[in-house]
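The values are calculated or read from the model by the stated rules, or taken from the named source; none is laboratory data. What you are looking at is a predicted structure, and each value in this text was computed from that prediction instead of being measured. Neighbour counts are summed over all protein chains in view; Cβ atoms, including those assigned to glycine, are modelled from backbone coordinates with ideal geometry. The area values use the complete protein model at the heavy-atom level, side chains included, leaving out ligands, DNA and RNA. Shrake-Rupley method; radii C 1.70, N 1.55, O 1.52, S 1.80 Å.
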Amino acid sequence: MKRLFFFLLLLSVLFAACSKSEQKENSTAAVAVDFTKLDTALSFAGYWLSESYYNDIITHKSPQKSQEGSEDCFVVIPERTLQPTMMVWNFHEGSEEITVVKKGPGYKFYEFTADSVRSYQKDITLISSDKIKIGNKTFVKINPYAKPDEKNNPLILEEILFKGKYRSTDGKEVEFRNDGRLLGLGNYRYYQPIMDYVGPGMQVDQVSLSADEDQKQWMAFKFRQDTLLIYDIKCVEFDKTNNECGLADYGTLQYTLIRQK
């Protein structure tokens, strides 16, 4: 009788252990699938710019030159997982719709279809509060202005290149604000620098100046250290077939503005 009792007790212990092991396996399997539905806040939400592009702009101050080979250059990380976004390539085109997922302790980019996960894209590694790595490329966090109805289209060059107060050669103060507004330069009230230089007539850095947001006057610009030089655009070769300038160069210098420290 004692042997029978001991045997039954042993069976019950083994059964309980197997049951717990099976529950653990099922739980682990559930966790492995749940990342496709896990809606959680992202501490690193915001605007992220390729560190190589950022450094190149700070060093050379030429968006036209910095665009060359920039590849993956900008992404908006949403406030939460599973919300759609895209990676911007060379400031000329964008990726398919992707989303951040939290898989285990880490984060990844996935491309989703309407009903299922389509494919894994890249790992996201958090380096610091203002730096992350996506795949093998490093991104830095920036805080550009964006209109309330254009959150995915922030004013990047306005923030990292133009923003600040300048003084003209006749002693007047000119201010370029990060929201695209311009103060102190004649009748101009707005400015908009170009980021994408793919196409005809885009051989020089360009910025529009305008009295209102609809009527833009396109000018060429270049920075020499702390001095912003604004020129007319000279069309060297005109494409009569497409009725557009095919090859552009710097024309007559119109404004010399010295950034104030």
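Things to note:
- Condition met for Asp179 (modelled with pLDDT under 95 and either in a loop (DSSP other than H, G, I, E, B) or touching a Lys or Arg at 6+ places or on another chain (Cβ under 8 Å) (or both)): no
- Checking the stated criteria, Gly199 turns out not to satisfy the condition of being open to solvent by less than 60 Å² (accessible area, probe 1.4 Å), assigned to a strand (DSSP E or B) and not assigned by the TED database to the domain that holds Glu93.
- Any hit, segment 220-230, residues being touching a Cys at 6+ places or on another chain (Cβ under 8 Å) and touching a residue at least 12 places away in the same chain (Cβ under 8 Å): no
- For segment 217-249, the tally of residues that are closer than 17 Å to Ser62 by Cβ, open to solvent by 50 Å² or more (accessible area, probe 1.4 Å) and among the hydroxyl-bearing types (Ser, Thr, Tyr) stands at 0.
- Positions within segment 232-261 being in contact (Cβ under 8 Å) with a residue 24 or more places away in the chain and of a type in the set (Phe, Trp, Tyr), in sequence order: Tyr250, Tyr255
- Taken across segment 104-111, residues that are farther than 21 Å from Asn152 by Cβ, among the aromatic types (Phe, Trp, Tyr), modelled with pLDDT under 95 and out of contact with any His (no Cβ under 6 Å at 6 or more places or on another chain) do not occur at all.
- Segment 122-143, subset touching a Lys or Arg at 6+ places or on another chain (Cβ under 9 Å) and closer than 25 Å to Lys261 by Cα, residue surrounded by the most Cβ atoms within 10 Å (Cβ to Cβ): Val140
- Under the condition of being at pLDDT 80 or above and either within 11 Å of Pro78 (Cβ to Cβ) or open to solvent by 50 Å² or more (accessible area, probe 1.4 Å) (or both), the residues counted in segment 26-46 number 9.
- Across segment 35-51, the qualifying residues are those that are free of Cβ contacts under 8 Å to residues at least 60 places away in the same chain and in contact with an Asp or Glu (Cβ under 9 Å, 6 or more places away or on another chain), and the one among them that is farthest from Ser128 (Cα to Cα) is Ala41.
So that you can scan it fast, the table gives a plain yes or no per residue for (1) touching a strand residue (DSSP E or B) at 6+ places or on another chain (Cβ under 8 Å); (2) closer than 30 Å to Cys73 by Cα; (3) not in a strand (DSSP E or B):
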| residue | (1), (2), (3) |
| --- | --- |
| Arg167 | yes, no, no |
| Gly171 | no, no, yes |
| Lys222 | yes, yes, no |
| Thr241 | no, no, yes |
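- Some residue of segment 154-164 being assigned to a loop (DSSP other than H, G, I, E, B), modelled with pLDDT of 95 or more and either open to solvent by 60 Å² or more (accessible area, probe 1.4 Å) or in contact with a helix residue (DSSP H, G or I) (Cβ under 9 Å, 6 or more places away or on another chain) (or both): yes
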